[in-house]
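Notes to accompany the following structure.
The values are calculated or read from the model by the stated rules, or taken from the named source; none is laboratory data. Quick caveat, the model's predicted, so the values are computed rather than measured. FYI the Cβ positions are ideal-geometry reconstructions off the backbone, even for glycines, and counts take in every protein chain you see.
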């Protein structure tokens, strides 16, 4: 017995020994369908050590004897903890995770589990960002997030986008605040979308108030990709090549029709028709100027990324080369971008981690003039008469005998354009994180955003004259003195931020988080430039100011700088009880050099509450995994008010002549009075929201309703002349935005056929509540051929269209005589405008609101399907209920081309009640701003369709390849709209109060492209 | 816990640097805080006030001849036709709209001038500089302020009196009675007269600056407009006895380039032909639009405004002979318009018989650069010595000094070889009135002379003038609105 006992003890000891000793284990990790998962992470619980699976999904790991639990994780799959026991082979099947409850979301100064968020925060992931190849990260936001409206300012490569979070919040700058890896940046055109891990948009005040004086128009938090610890090195190569082409042309008159109408217009105006148009049929089709300026243009990208991580460090490095030419102008409108990124993170000590983010961007953008009615190739092509050929018989460019001033040969104009922007930009940070105690952490970050941009313009000399000696070409078709100019702009911003966080749990149920921090931020902008004329060479390669033969004294030169600084203190408290009752409060104090002496610091509080009802005992619906009610209130500021608006410059140049020789003598006076009270614009926002998740994440529903009031809005309201100065900018206006945002998604990944469908919609209304004392309306939106088209007035949406109201056409003389007086030369066939004030005369007082450029709602629909190796995705995006003012046609010129609709013109009683008669001089001013030019701007657009195929892993794993995917994609394949112009998607191109006015908008292209993603 | 020490160090450092950090003032341009420190600053501050004297047209500016001549029986609006500045025609016919941009511009320019003078009067006194020079600068500013107040009160009657730089909370001030404005003007001018150097005491480089004589001349006018005859007479005599001024020999020379700032120039607003015109508050420019506006159309490249009436031309024949001043005042058909050719109706393209001559400039006098049309450089002769003499005559007449009246009147007439006036009583007064009309014709005096002497209804009644309404212009509607109703419209409008 005793021996047995000893032996047993020995065995037991041996056994114990074996558990204390090292233990070699191995296994295979697969998904639910049995496919091996490559690169899944296996971590030994309680340590930093672990491994990842190889190309066959296999792993090997050596455990210390006291190590028994493995944590297995893989992106997109539910994390599992496995107790090893005595096994040496541990195979694990991971279930795909579709629930977002535990998703970690980046919020202001921290992260938070989605289930615990009590504000309105929306996320776009890297998959969504790269799904449709995009040039700029903002494009990835379009249609993805309810309440974030993105519109293209132009279809030209590299042009900016308008991003509005919860509508237009002010008559001034409504751009959101962009924070990239904690660094506030102006615009995000420098970012390579492939480098982005996630974009989080803080929509309500409670989420954004921690950004205080800068958060009023929403905050866009962008996190770039970093490596993960314990991750084998990964190499990815992504590339695509595509062809862009125009998808729509306007129906314009051909030469024959043009001549017929020209003859008719001349006769109607009492002139003799032009001799050369005596036989219109001879002229035939003539020139199609749209075909002449539009072209197919390439777009392509190459991206190489490396990432990986060991126990204590991780890194990612990437390089990208992107090229896009324009469908108008080709290379002359081309965009080229190189980006390099290096992010790393290293745990130096148990208590100290350091890291960096670094992005370098070099980009060039060739710009052709766009989006104005004067000098753009597009507006010229749309207005140039079809009789004029592109080229003369000798091959040189032709000019029109009919068009005037602005409307010159667009092909030649493109040839003469040399306008190149070159930008070098470095955005980077270095940070240290110290764990002072387990509960208290300290983080300090120093970051820099430095941009060096130059613009080079060369205007060559040219002459389209048939006989140069006679110089017969009109003024716009010749330029005898060439000129060159250069601008140098440098932005250097640095920021230093220090944050302390404290997290604790009391009595197992009170979760407390505390954040305190300071920020100091300094911006400096330096500009300089010069110009000169008369270069002996007409070759753009020789276009340097110093090459001029003119005296140095004739060189134009300027230089200057502006500065601003921000000093802030902020804090945040998060508290929840049993993950059930959520409470959060933030406070920020912002001191800004932009604010006047009397208001140097602004204070911004916020509160939010959440109630996770499904965690209550009385909740009985088991299939609801989250049912959370949220409510928040907070205040924010908008500090985009100009650097020195509070101060007053004593303006020089108030000259007078003195002395015998009439010497011009300088005088000085402050033209604008100072406003030491000047401060930020304040927005106060209340948000009520609901988050629902059902069937373990299959169904997700989010709803938000908000009221946002922007007060203290900056406006230089007209002041009485007794002041003797120009109106100072004051904090006097008020705008209210109200809106409802809904998003719903359904995902099913249970079977081999996996799919998801999601949709979001946002309703927003914007009303001006006050424009200060007197409250005179603000007139904007000048359309050259017609006049001011927009007005911003108390009680109306921002920048509403304002003009005359048409009432059919005058069919005969009696109708003209019976109607209010319009013009002494008004004739039958002219437009009858409504006499709104019934005073018997049609004048400025007969105008009314005739359209609203802001949509009633915007929406996006997304669908993804996956079967075996195939994947298909569809993405639709649209806006509904907005109007567009169509200002494309230069009605102020009598000889410009016209849309074909003019063929239905009035030619006699009863022939038309809409399209007026044609004349040369438009005595009735039919072209004035009226509802005639206001069109429904609603559209729905198939933004992207993509079909991809991934080679089976069984095939590629032998080649040590993790992923090999090929895809074909089509962008803007289909657009459904009633709008007659070239593109209904029109951003704010000329300031905040100039919305939805089409002055010849550079349209977006339809793009077909093919690409490849390889990871190994 | 060592780390906590570092942390507190960091925070302390942040607090320490905060003060300077947020103090950013504009890098380009001078702010108010850094200006008004030196004598040079003081001089350019008052120069800035002078610049307001040049403002013409809209949105802030004026032609004195719009109101003084066109509103009177001396001239008609002209232009390209009825549709060219129709509001001006309506005002001329006393059916004026109350919202014209010309009225707004007048109001705006005057208050901008007052503001600029107020800035000088508030910011210059603390500057450490030569006290005599400082007194001179303040005197110039006071006279400029008085001039704009004079325009306001004569044009609009009761108006807001702005005696300091206004704070935004003070923008909605109401009207002060005209009497208060007049008193304020007198006070400014009396003080300025004490501080300003005489014309002869200024160095040549300061030609064009406001002199003691200019302030005196304006004060004479100020008294005259209030019928304060004795005071007007006294100040006029001060000026006359100063010996600083005398009539130039040749009347025809007064309104030529070489006649600028001549011996009889008491107060003259300076313009030159360089750098374009002063449309609105175009502060860097020094040119005048009066030349181009008053030149005939057609080959004379003008806009054809301010057309002399037959009634006005007839005035020059009142004494049985043609007053020689007519030739210097009006172009008649067949006259040579300087170097621009002979005046025929064909060459102007319009059927008008007469064009004004006093603002005519030769093509050769225009600068070869800048906007070719507005390169007019003719100074605005606001107060001439002849005006002083005629004002003296009128004031003397009303104080019973007919001898003094006749002496001054005949001094003016003698220059152009018109007969001596020996009349007395009402005939003498009529002779003085007649003399003002022909001597000062088309210089922007007529309408206000008619109003202040109570003759407007008789002269202009047929055009629609009613004494109870039209002796002042309407206050621009926009300003009544902007004041939230604190300002009220002049009665009858």
Those strands (runs of 3 or more DSSP E) lying entirely in the range A:920-1007 with at least 2 residues farther than 29 Å from residue A:763 by Cβ: A:939-950, A:963-977
Breaking point among (1) touching a strand residue (DSSP E or B) at 6+ places or on another chain (Cβ under 9 Å); (2) more than 21 Å from residue B:239 (Cβ to Cβ); (3) more than 14 Å from chain A (Cβ to nearest Cβ), for residue B:131: (1)
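Rundown of residues vs (1) under 40 Å from the mean Cα position of the chain (by Cα); (2) on the phi > 0 side of the Ramachandran plot; (3) surrounded by fewer than 14 Cβ atoms within 10 Å (Cβ to Cβ); (4) at pLDDT below 85, yes/no style:
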residue: A:39; (1), (2), (3), (4): yes, yes, no, yes
residue: A:46; (1), (2), (3), (4): no, yes, yes, yes
residue: A:68; (1), (2), (3), (4): no, no, no, yes
residue: A:75; (1), (2), (3), (4): yes, no, yes, yes
residue: A:81; (1), (2), (3), (4): no, no, yes, no
Strands (runs of 3 or more DSSP E) enclosed by the range B:264-342 - at least 2 residues per element that are within 14 Å of another protein chain (Cβ to nearest Cβ): B:265-269
Sole exception among (1) modelled with pLDDT under 95; (2) under 22 Å from residue B:151 (Cα atoms); (3) within 14 Å of chain A (Cβ to nearest Cβ) for residue B:116, by number: (1)
Residue under evaluation residue B:38, criteria (1) modelled with pLDDT of 85 or more; (2) surrounded by 14 or more Cβ atoms within 10 Å (Cβ to Cβ); (3) more than 11 Å from chain A (Cβ to nearest Cβ), criterion not met: (2)
Filter pass, residue B:400 being assigned to a loop (DSSP other than H, G, I, E, B), at pLDDT 95 or above and either away from every other protein chain (no Cβ under 14 Å) or under 28 Å from residue B:276 (Cβ atoms) (or both): yes
Selection count where residues are within 7 Å of chain B (Cβ to nearest Cβ) and either assigned to a loop (DSSP other than H, G, I, E, B) or surrounded by 21 or more Cβ atoms within 10 Å (Cβ to Cβ) (or both), scope the range A:646-657: 8
Residue match in the range B:62-76 (condition: at the interface with chain A (Cβ under 9 Å from one of its Cβ atoms) and within 29 Å of the chain's Cα centre (by Cα)): no
Residue count, the range A:779-834 (criterion: in a loop (DSSP other than H, G, I, E, B), modelled with pLDDT of 90 or more, more than 30 Å from residue A:763 (Cβ to Cβ) and within 42 Å of the chain's Cα centre (by Cα)): 1
Single residue of the range A:571-601 satisfying the filter (over 32 Å from the mean Cα position of the chain (by Cα) and free of Cβ contacts under 8 Å to residues at least 40 places away in the same chain) that is nearest to the other protein chains (Cβ to nearest Cβ): A:581
Lone qualifier among A:620, A:606, A:625 - being within 28 Å of residue A:736 (Cβ to Cβ) and more than 14 Å from every other protein chain (Cβ to nearest Cβ): A:606
Which listed residue, of B:140, B:170, B:122, is modelled with pLDDT of 95 or more and out of contact with any helix residue (DSSP H, G or I) (no Cβ under 8 Å at 6 or more places or on another chain): B:122
Criterion: at pLDDT below 85 and more than 24 Å from residue A:696 (Cβ to Cβ) - qualifying residue of A:64, A:60, A:103, A:96: A:64
In the range A:858-876, the residues that are within 22 Å of the chain's Cα centre (by Cα) and surrounded by fewer than 21 Cβ atoms within 10 Å (Cβ to Cβ): A:859, A:861, A:874, A:876
Criterion violated by residue B:244 - all others in (1) in a helix (DSSP H, G or I); (2) surrounded by fewer than 23 Cβ atoms within 10 Å (Cβ to Cβ) satisfied: (1)
Within the range B:428-493, helices (runs of 4 or more DSSP H) holding 2 or more residues that are away from every other protein chain (no Cβ under 14 Å) and touching a residue at least 12 places away in the same chain (Cβ under 8 Å): B:446-452, B:456-460, B:467-470
Scan of the range A:589-612 for residues that are surrounded by fewer than 15 Cβ atoms within 10 Å (Cβ to Cβ) and closer than 23 Å to residue A:204 by Cα, ordered by number: A:603
Per-region count, the range A:478-499, residues touching a helix residue (DSSP H, G or I) at 6+ places or on another chain (Cβ under 7 Å) and farther than 19 Å from residue A:185 by Cα: 2
Filter result (at the interface with chain B (Cβ under 7 Å from one of its Cβ atoms) and out of contact with any strand residue (DSSP E or B) (no Cβ under 7 Å at 6 or more places or on another chain)) within the range A:715-729: A:718, A:719, A:720, A:721, A:722, A:723, A:724
Given (1) at pLDDT below 95; (2) within 14 Å of another protein chain (Cβ to nearest Cβ), index of the condition residue A:432 fails: (1)
Residue within the range B:77-87 that is within 13 Å of another protein chain (Cβ to nearest Cβ) and under 13 Å from the mean Cα position of the chain (by Cα) present: no
Some residue of the range A:670-689 being crowded, with 21+ Cβ neighbours inside 10 Å, more than 27 Å from residue A:570 (Cβ to Cβ), modelled with pLDDT of 90 or more and within 14 Å of chain B (Cβ to nearest Cβ): yes
Enumeration of residues in the range A:435-453 that are over 17 Å from residue A:187 (Cβ atoms) and either more than 14 Å from every other protein chain (Cβ to nearest Cβ) or in contact with a strand residue (DSSP E or B) (Cβ under 8 Å, 6 or more places away or on another chain) (or both): A:435, A:436, A:439, A:440, A:441, A:442, A:443, A:444, A:445, A:446
Residues within the range A:658-669 that are over 14 Å from residue B:116 (Cα atoms) and either touching a strand residue (DSSP E or B) at 6+ places or on another chain (Cβ under 6 Å) or facing chain B (nearest Cβ under 7 Å) (or both), tallied: 7
